[in-house]
Amino acid sequence: MEHAFAQICGGKDPTSPFRLHNVYAELGTTFASMVVTFPTVWAHLIGQLLYYMGENNIVFGSDSPWYGGPQWQIEALWRSQIPEDIRDRWDYPELDEDAKRKILGLNSARLYGLKGNESGNCHGWQNDRPPIASTVESFRLMLADGRIVRCSRTENAELFAAALGGYGLFGIILDADLRVIPNARYRIVHRLVQSSEYLDALDQAIRSGPVGLAYGRLNVTREHFLERAMLTTFVRTSDALAAEPIVEPGPWAATAERLIFRGSQGSEYGKGLRWTLETSLSDWLFSGSTHRNQVLQGRVELYQNRDPSRTDVLHEYFVPRESLEEFLRRARSIVPAHGADLMNVTLRDVRRDPDTLLTYAAGDVMALVLFFSQARTAEAELAMQALTRDLIDASLGVGGRYYLPYRLHATREQFERAYPKHRELFALKRAVDPSEVFQNGLYRTYRPRRRAPGRAGKEGVRGPLPAPVLAGPDRRGRHRAVVQRRGAADPVQATGLRRTAHVPIAERPEALVQHGVLRQPREGGGFPQAAAQAVIGGATSRPTPASTLALPHPRPR
Ligand SMILES: Cc1cc2nc3c(=O)[nH]c(=O)nc-3n(C[C@H](O)[C@H](O)[C@H](O)COP(=O)(O)OP(=O)(O)OC[C@H]3O[C@@H](n4cnc5c(N)ncnc54)[C@H](O)[C@@H]3O)c2cc1C
């Protein structure tokens, strides 16, 4: 099957002029179910994909809802090779490191691009600059009705401002023209200061040399909680910059870095040790010369939490530069009062963002990125919610805002205060996507409240469909997802009623609940009456596209 697919899409051999360059093979279940059990079949399969489609047109997938965390698959692919005799006999290309890198991530990175970053309007260590929206010249947006429009500061400017930092609510960004800057060579300079002197130190550094990137780290030990800071600046040098590879840290360096960081979790000693090591060794370990691409090459596995009983939680606050110390003064009492385990705070310089409707930088601000470790319990979750609300209040109290990509712990009132243009945003949303095709948790939490059904008029009828609900197992042990459907040609739409349909799902439905794809049934297993009837009565109507989108494809049997 895969062979035929590869031949159709790739042409009859690697030189075929009939290749379909925009068709990709995704490994997923094919790989997971073969690599251990039928490694020779796998060798032929990947060999054929490489031969016909090429290493640029294969992407990794893990089908994790079925097979659990993808780490073992990543490692298996990384180790996998096509035996030489098979390669020679069938003329397959080698599955070498370059090909594996492309399959595991680079091809997807190229395909998916930076759209999530634009939709979240992210920011980073770039000092003296607004968030990423400022670098976007234009993009093409696919709207809910399928139309594709170009947006820029002069063309569909309203949509441009709403979709950048709009979390995907206005359509799908298909591609974008960005202004980029060349790689540069930097000299790294560290400075230890009191937090109250941080801004002066940063401004002075900027005045005394061309600073390309800058960030600060705050002390999180009990003794000097948020009182001391280490400022790191990357100063451009005139040294020639050859095309340089990104250097991966050696295994010992990566292990040490990880141990030092994760060792500070829940440990006052670990936090003190980390601060001492990083502040005293930084000049020795991380000074000298580097280049921009190297600095911006973050490696998530260095910090990743591997303790299943805990999770990491990020918060970000944006406060006017002159209010940084006042915000820190408030945070110094709020965080300990909630008993939270704050592992890291990074400071960034973010300039006014005039481009986006949901801007978090209405003026020049300092961004504070707070990294917490949290137990995976209901109590810890509630405590985190209370802490977040107090910190948001502290930020709002000094004229600041908070960042939206993370937990939805802010109250509606806090959201509306932090993002005063929310009305314009939701009005535009209603105009361009009246059926609410594009939704997410943020939208469902903070969109204007709808009136109760019955008095709702059209809006009640058009409300969004709830997430699919897990049903089953039935007498034969099968699980189903109950999806609610509504269609333009559906006569029940006129009455505001919704029909339900059910789709079979494979084993381990609890994994889908864990991943938020399905909702748990209500306490006591009670489903909405209509849904239960649909399951019992075996309604067979096909789910709407929206509901099928929410479900992963079933595992082949
Ligand atoms: C560990 C961690 C560290 C982070 N550090 C930073 C940081 O330093 N600075 C910072 O600014 N942010 C940071 N963030 C938040 C970050 O901005 C977002 O998580 C990130 O930009 C999302 O990018 P993504 O490619 O993962 O997109 P996703 O998470 O996939 O999507 C993000 C949003 O974009 C939308 N979207 C995705 N693709 C498209 C598309 N084609 N068209 C329209 N909308 C689309 C999605 O619907 C979603 O609302 C961090 C997040 C994490 C988890």
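The values are calculated or read from the model by the stated rules, or taken from the named source; none is laboratory data. Quantities reported herein were computed from a predicted structural model and do not represent experimental measurements. All Cβ positions, glycine included, derive from the backbone under ideal geometry; neighbour counts span all protein chains shown.
Scanning segment 225-278 for residues that are under 22 Å from Arg299 (Cα atoms), part of a loop (DSSP other than H, G, I, E, B) and not hydroxyl-bearing (Ser, Thr, Tyr) yields Ala243, Glu244, Pro245, Ile246, Val247, Glu248, Pro249, Gly250, Gly263, Gln265. Among the residues making up segment 78-123, those that are within 12 Å of the ligand (Cβ to nearest atom) and assigned to a loop (DSSP other than H, G, I, E, B) are Gly113, Leu114, Asn121, Cys122, His123.
Taking the listed residues Arg299, Arg310, the one that is at pLDDT 90 or above and of a type in the set (D, E, K, R) is Arg310, with no other qualifying.
The listed residues are Gly146, Gly105, and the only one of them that is surrounded by fewer than 16 Cβ atoms within 10 Å (Cβ to Cβ), in the same structural domain as Val23 (by TED's automatic domain parsing) and not basic (Lys, Arg) turns out to be Gly105. Of all the residues in segment 11-58, those that are acidic (Asp, Glu) and either under 14 Å from Ala76 (Cβ atoms) or within 25 Å of the chain's Cα centre (by Cα) (or both) number 1. Yes or no: Ser323 more than 16 Å from the ligand (Cβ to nearest atom), over 20 Å from Glu223 (Cα atoms) and surrounded by 12 or more Cβ atoms within 10 Å (Cβ to Cβ)? In short, yes. Any residue at all in segment 124-141 that is assigned to a helix (DSSP H, G or I), more than 8 Å from the ligand (Cβ to nearest atom), free of Cβ contacts under 8 Å to residues at least 60 places away in the same chain and surrounded by 14 or more Cβ atoms within 10 Å (Cβ to Cβ)? Yes, segment 124-141 contains at least one residue that is assigned to a helix (DSSP H, G or I), more than 8 Å from the ligand (Cβ to nearest atom), free of Cβ contacts under 8 Å to residues at least 60 places away in the same chain and surrounded by 14 or more Cβ atoms within 10 Å (Cβ to Cβ).
Checking each residue in segment 325-342 for being aliphatic (A, V, I, L, M) and within 14 Å of Ile392 (Cα to Cα) picks out Leu328, Ala331, Ile334, Val335.
Taken over segment 181-224, the residue count meeting the criterion of being part of a strand (DSSP E or B) and in contact with an Asp or Glu (Cβ under 7 Å, 6 or more places away or on another chain) is 4.
Between Gly363, Gly400, the distinction of being surrounded by fewer than 18 Cβ atoms within 10 Å (Cβ to Cβ), within 24 Å of Tyr198 (Cα to Cα) and modelled with pLDDT of 95 or more belongs to Gly363 only. Being assigned by TED's automatic domain parsing to the domain that holds Asn107, among the hydroxyl-bearing types (Ser, Thr, Tyr), surrounded by fewer than 15 Cβ atoms within 10 Å (Cβ to Cβ) and modelled with pLDDT of 80 or more, is that true of even one residue in segment 34-43? Checked against the condition, which is being assigned by TED's automatic domain parsing to the domain that holds Asn107, among the hydroxyl-bearing types (Ser, Thr, Tyr), surrounded by fewer than 15 Cβ atoms within 10 Å (Cβ to Cβ) and modelled with pLDDT of 80 or more, segment 34-43 yields at least one hit. Among the residues of segment 306-320, those that are more than 10 Å from the ligand (Cβ to nearest atom) and either loosely packed, with under 13 Cβ neighbours inside 10 Å or not hydrophobic (A, V, I, L, M, F, W, C) (or both) comprise Arg306, Asp307, Pro308, Ser309, Arg310, Thr311, His315, Tyr317, Pro320.
When Thr221, Thr232 are screened for being assigned by TED's automatic domain parsing to the domain that holds Leu296, of a type in the set (Ser, Thr, Tyr) and in contact with a Lys or Arg (Cβ under 6 Å, 6 or more places away or on another chain), only Thr221 passes.
Would you check if there is a residue in segment 304-313 being closer than 23 Å to Gln194 by Cβ and not polar (S, T, N, Q)?
No, segment 304-313 contains no residue that is closer than 23 Å to Gln194 by Cβ and not polar (S, T, N, Q).
Every residue, every condition in (1) under 17 Å from Leu164 (Cβ atoms); (2) without any contact (Cβ under 8 Å) to a residue 60 or more places away in the chain, yes or no:
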| residue | (1), (2) |
| --- | --- |
| Ala340 | no, yes |
| Leu358 | yes, no |
| Gly363 | no, yes |
| Asp393 | no, yes |
| Gly397 | no, no |
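Filtered by the rule that a residue be outside the structural domain of Asn293 (by TED's automatic domain parsing) and among the small types (Gly, Ala, Ser), segment 177-196 gives a lone residue, Ala184. Which of the residues that make up segment 156-186 are crowded, with 16+ Cβ neighbours inside 10 Å and basic (Lys, Arg)? Result: Arg185, single match. The residue list Leu164, Leu192, Leu159 contains one member that is more than 8 Å from the ligand (Cβ to nearest atom), closer than 20 Å to Val350 by Cβ and not small (Gly, Ala, Ser), which is Leu164. Looking at segment 83-90, can you tell me whether even one residue there is at pLDDT 85 or above and surrounded by 16 or more Cβ atoms within 10 Å (Cβ to Cβ)? Taking every residue of segment 83-90 in turn, at least one turns out to be at pLDDT 85 or above and surrounded by 16 or more Cβ atoms within 10 Å (Cβ to Cβ). Considering (1) assigned to a loop (DSSP other than H, G, I, E, B); (2) under 23 Å from the mean Cα position of the chain (by Cα); (3) at pLDDT 95 or above; (4) not basic (Lys, Arg), the lone condition that Leu425 does not fulfil carries the number (1). The residues listed here are Ala386, Ala378, Ala340; of these, the one that is modelled with pLDDT under 95 and either among the small types (Gly, Ala, Ser) or crowded, with 22+ Cβ neighbours inside 10 Å (or both) is Ala378.
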